[in-house]
Amino acid sequence: MADSASTGTVQDGTGVIMEEFSYDDAIVRKFLFATVIWGTVGMLVGLLIALQMADPRFNLGLSFTSFGRLRPLHTNAVIFAFAGNAFFCGAYYSTQRLLKARMFSDALSKFHFWGWQAIIVAAAVTLPLGLTQAKEYAELEWPIDLAIAVVWVAFAINFIGTMIRRRERHLYVAIWFYIASIVTVAVLHIFNNLSVPAGAFKSYSLYAGVQDAFMQWWYGHNAVAFFLTTPFLGLMYYFMPKAAGGPVFSYRLSILHFWSLVFLYIWAGPHHLHYTALPEWASTVGMLFSVMLWAPSWGGMINGLLTLRGAWQKVVDDPILKFFVVGITAYGMSTFEGPMLSIKSVNALAHYTDWIIAHVHTGALGWNGFMTFGMIYWLLPRIFQTKLFSKKLAELHFWIGTFGIILYVVAIYSAGVTQGLMWRAFDATGRLTYPDFVETVTRLIPMYWTRVAGGSLFIVGMLLFSYNILRTWQSRPARYDVPVVKAPRLTPVHREDGPKAAPIAGLLPAAVHRSWERKPILFTVLTALTVIVASLFEIIPTFLIKSNVPTIASVTPYTPLELYGRDIYIREGCVNCHSQMIRPLRYETERYGEYSKPGESVYEHPFLWGSRRIGPDLAREGGKYPNLWHVRHFANPQEIAANSIMPSYPQFATTPIPWAVIPKRVDAMAMLGVPYGEAINNAEAMARTQAAAIAADIEASGGPAGLEDREIVAIIAYMQRLGRDISAPTAVALVGDGEQP
Amino acid sequence: MKLSDIMSNAGLSVFAEVALVLFVLAFLGIIWWVFRPGNARRWESDAQMPLDDLHPQQPRQREE
């Protein structure tokens, strides 16, 4: 390992043994390039899906470029590839310098880098192919999930190893933020992705319905918290003092900021499920903790901004500080808005609308984007050991990017509020003012075009950024200078408290903290415990107390054909636009029918409640339209509703059903405890019988013939089943002749 | 008897109160630790860490 190779020891004048070492900046350069490349790719995919919402022709008529498949590619690329690589880039640079030690192992650093890029490539291939677990930001299928776990553990070992070898006694607060991020992301990733494989790239979530929803948003919200917030706060606490030329405004405040976030964030997830079938106590806990988060978040924002005290004049001619100031302000704005959106009555309006998309982009473009840009502009001259190619271009990037964000979010906030208000509008006679869902979409199209303009500006900024990086890199020296750093080794730890204090040390927070804060592994373990214990307080009751998920006798599993139809629904990413969760609010039940009950989704592995209604809710879709209507609608939605923005799926009528996989899917579901009974043994025959019946009905009503072995009958079988069980007088016949009741 | 039966009948609603007390106590402990006058100098020196990439602020253990 390069570390041992480059470490030497010398004695200084006073006889203290000094160790010689160097920082590994090659890895920082690698992550920097990856950040810029994947960032550009992820944002361009974002632009394409923004165009698709403004005009469905941008779906290009190909299954792998349709919105449902590309939307997860966009979110995964910008979160895990752009923000992820940016975090690693800044963390590798700052960790070594804050700990006065080279990374524990250069080999692990390289493994982390190449492993992570391979995962990104795997995501970019599998998501357009429709291989997905259908859980937001956890779409990647199980083999990739395993790879993520391995790479993440390598990163964790490398990081903890560096902490153990450090030459600085205390751990700076940025390091705490990194540790919390690393351990929490590991816990979230593992528990949310537990699943039963039903093939090389197909799996079903271990959890069902309410519990799956709970786990998903415990994960989903904390992915925002511990992948997009705490890592970047760590970066802020290192790079902001660097750029401002002075220490952070209040170190005390930064410690409170850290512990408050660690204590509070993990509880907040259920605010994504207000008014759904989640038990109300969980939703209320989520709301309360989210509102509490406002205080530490603003404390952190103020701490970041006030680091510029006495140096505000520098902002005028320093693009780096401009990026940081707007980035931290965006953190403040989105962490004010987040708690507000988690209040149930506000959420009732905002949920399922573009308001959430606007909220996310304030955070993602403003906070993550601008903090990354500021950090990289600061790093460029240092890691490429040359001058920044053009400060003017960086200034231009700042202004174009800022204008792009404003254009984007203002348009999309308007779209969200407009649609939310239209959904709930009643006329004087007590009927819905806009009973036709498409009307509420058509009204948004001008705002969608404005978003395309705003997003394009942000991408133009990104291209200027890339060009500036390229030109800076071109002026690098022929060989990078690797400065030798000298620092004494940490002497072995011995207790600061006298021997008398030792027996009661365990009772005193200060003493406890001082002794374990010196021991990074223990610190890591305790941070993990804080997060896990808090999670368990929410998870245990949701999973183990029966009253939380009342069952409904008439709810039975999907037939084998319906199950395969559901897999098509998952593959095409329908859940990205259609919810299956009717909230108990009058304007929802008027529009969609009886509100959704927790007992209805007990066999839903994974849950498909959705989080956004770009199209109408489908929870009670079954029986609303004849089979033939669905055949025509899938082939060309615009033929049925001229202004619909849904992509067309003509391939459903031509793609054959792979009958052999159906028994495997049923087996996997049975393993999860879904009571399939006899259906396990004759799944294929049952599916064929049901398919033939649907195909016959389509033909009899004047539709095309010969659809009995095409995917269209499977997805129709699924559509026609949705939401019907609770009104079924007896259990749906599953075992036996396999006919549709 | 299944685990879920045991958990359902165990009267676990007190969990929430226990959690509240534990977490509030832990948090109060942290506040006390942060604002303890004895730690003031430490925070000052820790805050300097990002500003010097080459020299540790507190390289060695304090001698007893």
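Before moving on, here are some points about what is shown:
- Subset of the stretch A:634-663 that is among the polar types (S, T, N, Q) and in contact with a Ser or Thr (Cβ under 7 Å, 6 or more places away or on another chain) - its residue that is nearest to A:Ala685 (Cα to Cα): A:Gln651
- Single residue of the stretch A:133-168 satisfying the filter (assigned to a helix (DSSP H, G or I) and of a type in the set (Gly, Ala, Ser)) that is surrounded by the fewest Cβ atoms within 10 Å (Cβ to Cβ): A:Ala149
- One residue stands out among those in the stretch A:169-189 that are within 19 Å of A:Ala487 (Cβ to Cβ) and either within 18 Å of the chain's Cα centre (by Cα) or buried (at least 23 other Cβ atoms within 10 Å of the Cβ) (or both): the one that is nearest to the other protein chains (Cβ to nearest Cβ), which is A:Tyr172.
- Residue, nearest to A:Ile540 (Cα to Cα), within the stretch A:240-253, restricted to residues that are in a helix (DSSP H, G or I) and at the interface with chain B (Cβ under 8 Å from one of its Cβ atoms): A:Arg252
- Residue among A:Leu608, A:Leu628, A:Leu618 that alone is over 30 Å from the mean Cα position of the chain (by Cα) and buried (at least 17 other Cβ atoms within 10 Å of the Cβ): A:Leu628
- Each residue in the stretch A:158-168 was checked for being at pLDDT below 90 and away from chain B (no Cβ under 14 Å), and 1 pass.
- Restricting attention to the stretch A:543-563, the residues that are of a type outside the set (Phe, Trp, Tyr), within 11 Å of chain B (Cβ to nearest Cβ) and assigned to a helix (DSSP H, G or I) total 4.
- A:Arg382 vs. criteria charged (D, E, K, R) and closer than 30 Å to A:Ala91 by Cα: yes
- Lone unmet requirement of (1) modelled with pLDDT of 90 or more; (2) within 14 Å of chain B (Cβ to nearest Cβ) for A:Phe232: (2)
- Among all positions in the stretch A:41-58, there is at least one residue which is assigned to a helix (DSSP H, G or I), in contact with a Pro (Cβ under 7 Å, 6 or more places away or on another chain) and either within 14 Å of another protein chain (Cβ to nearest Cβ) or of a type outside the set (Asp, Glu) (or both).
- Residues in the stretch A:61-104 that are outside any helix (DSSP H, G or I) and touching a Ser or Thr at 6+ places or on another chain (Cβ under 8 Å): A:Gly61, A:Ala101, A:Arg102, A:Met103, A:Phe104.
- Options A:Tyr331, A:Tyr352: the member that is closer than 20 Å to A:Thr75 by Cα, modelled with pLDDT of 95 or more, touching a strand residue (DSSP E or B) at 6+ places or on another chain (Cβ under 8 Å) and surrounded by 23 or more Cβ atoms within 10 Å (Cβ to Cβ): A:Tyr352
- A:Phe111 being over 18 Å from A:Val187 (Cα atoms), surrounded by fewer than 23 Cβ atoms within 10 Å (Cβ to Cβ), at pLDDT 95 or above and among the aromatic types (Phe, Trp, Tyr): yes
- Listed here are the helices (runs of 4 or more DSSP H) enclosed by the stretch A:613-725 that have at least 3 residues being farther than 27 Å from A:Thr65 by Cβ: A:661-671, A:683-700.
- All positions within the stretch B:21-35 that are modelled with pLDDT of 90 or more and either more than 7 Å from every other protein chain (Cβ to nearest Cβ) or out of contact with any helix residue (DSSP H, G or I) (no Cβ under 6 Å at 6 or more places or on another chain) (or both): B:Leu25, B:Leu28, B:Ile31, B:Trp32, B:Phe35
- Residues being out of contact with any Phe, Trp or Tyr (no Cβ under 9 Å at 6 or more places or on another chain) and in a loop (DSSP other than H, G, I, E, B) - total across the stretch A:340-372: 1
- Selection status of B:Leu3, modelled with pLDDT under 80, loosely packed, with under 15 Cβ neighbours inside 10 Å, farther than 30 Å from A:Glu19 by Cβ and at the interface with another protein chain (Cβ under 7 Å from one of its Cβ atoms): yes
- Test: B:Asp46 is touching a helix residue (DSSP H, G or I) at 6+ places or on another chain (Cβ under 7 Å), assigned to a loop (DSSP other than H, G, I, E, B), at the interface with another protein chain (Cβ under 7 Å from one of its Cβ atoms) and modelled with pLDDT of 90 or more: no
- Single residue of A:Leu261, A:Leu288, A:Leu278 found to be crowded, with 20+ Cβ neighbours inside 10 Å and within 14 Å of chain B (Cβ to nearest Cβ): A:Leu261
- Test: A:Ser342 is at pLDDT 95 or above, within 14 Å of another protein chain (Cβ to nearest Cβ) and buried (at least 24 other Cβ atoms within 10 Å of the Cβ): no
The values are calculated or read from the model by the stated rules, or taken from the named source; none is laboratory data. Fair warning: this is a prediction, and the values are worked out from it, not measured in the lab. Positions of Cβ are backbone-derived with ideal geometry, glycine not excepted, and every protein chain shown enters the neighbour counts.
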